[in-house]
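One structure is given below, encoded as structure tokens.
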Amino acid sequence: MIKRSILIFPKFANKKTIDDIRSKYDPLANNVRPHISLVFPFESDITTEELKKHVIHSIKDVNSFEVCLKGVVSQRASSSYLFLNVVEGDKDIIEIHKRLYSGILTQFLPDFLKGNSFWPHMTIGNIYDARLVNLHLG
């Protein structure tokens, strides 16, 4: 089985600022560059060719669009994530997300999204001590 995900890698004017924040607060900063998840990590035996065909078919009529991220929020679960909100391009990302989770990827929709809305964002941190979130977000 191969572990995969489908991501958008936006280009930023302020990439250094985002990299600095992520290097301090995101344990995955050295493993993957700043991104917006379209399909969350999943394991499958789907071939690269099958997945490529699905992605191309799913987004064949999607035009390029601008993405703007603004506003840091925290989400507390077993740990505390710091997110940058997508404030422009969010509707486009939601549509692509829906299209990708069809066909061969339907079965991989995570439980946390079933019955819930997809909220486009960029994770910039994962702080295990929730007290630090309050400290840094005011």
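Only one item in (1) 32, 16, 15; (2) 36, 19, 16; (3) 27, 17, 15 matches semi-axes √(5λ) of the Cα gyration tensor in Å derived from the coordinates shown, and that item is (3). Across the chain, the relative contact order, built from alpha-carbon pairs under 8 Å that are at least six residues apart, equals 31 percent.
Cross-link reach is defined here as a Cα-Cα straight distance under 14 Å, omitting same-chain residues fewer than 8 places apart; for LYS70 the aspartates and glutamates meeting it are GLU88, ASP90. Diffusion of the range 1-79 by Stokes-Einstein, at 10 °C in a medium of 1.306 mPa s and with Rh set to the Kirkwood radius over alpha-carbon pairs, works out to 104 µm²/s. When the pairs LYS11/LYS53; LYS15/LYS91; LYS24/LYS53; LYS53/LYS114; LYS53/LYS91; LYS91/LYS114 are compared against a 30 Å limit on Cα-Cα distance, LYS24/LYS53 fall above it.
With springs only between Cα atoms under 10 Å apart, run a GNM on the chain and tell me which of ARG33, ARG99, ARG22 wobbles the most. With Cα springs under 10 Å in the chain, the top fluctuation among ARG33, ARG99, ARG22 is at ARG33.
Bridging of LYS52 to aspartates and glutamates at a Cα separation below 13 Å is possible for none of them, once same-chain residues fewer than 8 apart are set aside.
Sites counted here are chymotrypsin sites (Phe, Trp or Tyr not before Pro) in a DSSP loop (not H, G, I, E or B) having no more than 14 other Cβ atoms within 10 Å; the longest part of the chain that contains none of them is 66-127. Evaluating 6.51 cos²θ - 1.76 cosθ + 1.60 at θ = phi - 60° for every residue in the range 96-108, the Karplus couplings come out as 5, 4, 4, 5, 5, 7, 10, x, 5, 9, 3, 5, 9 Hz, glycine and proline recorded as x. Net length available on complete extension from PHE9 to LYS91 is 27.8 nm, with 0.36 nm assigned per residue and the Cα-Cα distance removed.
Read the figures in this text as sums done on the coordinates, not as results from a lab. For clarity, every value in this text was computed on a predicted model and none was experimentally measured. With ideal geometry, Cβ positions are generated from the backbone for all residues, glycine too; neighbour counts draw on all protein chains shown.
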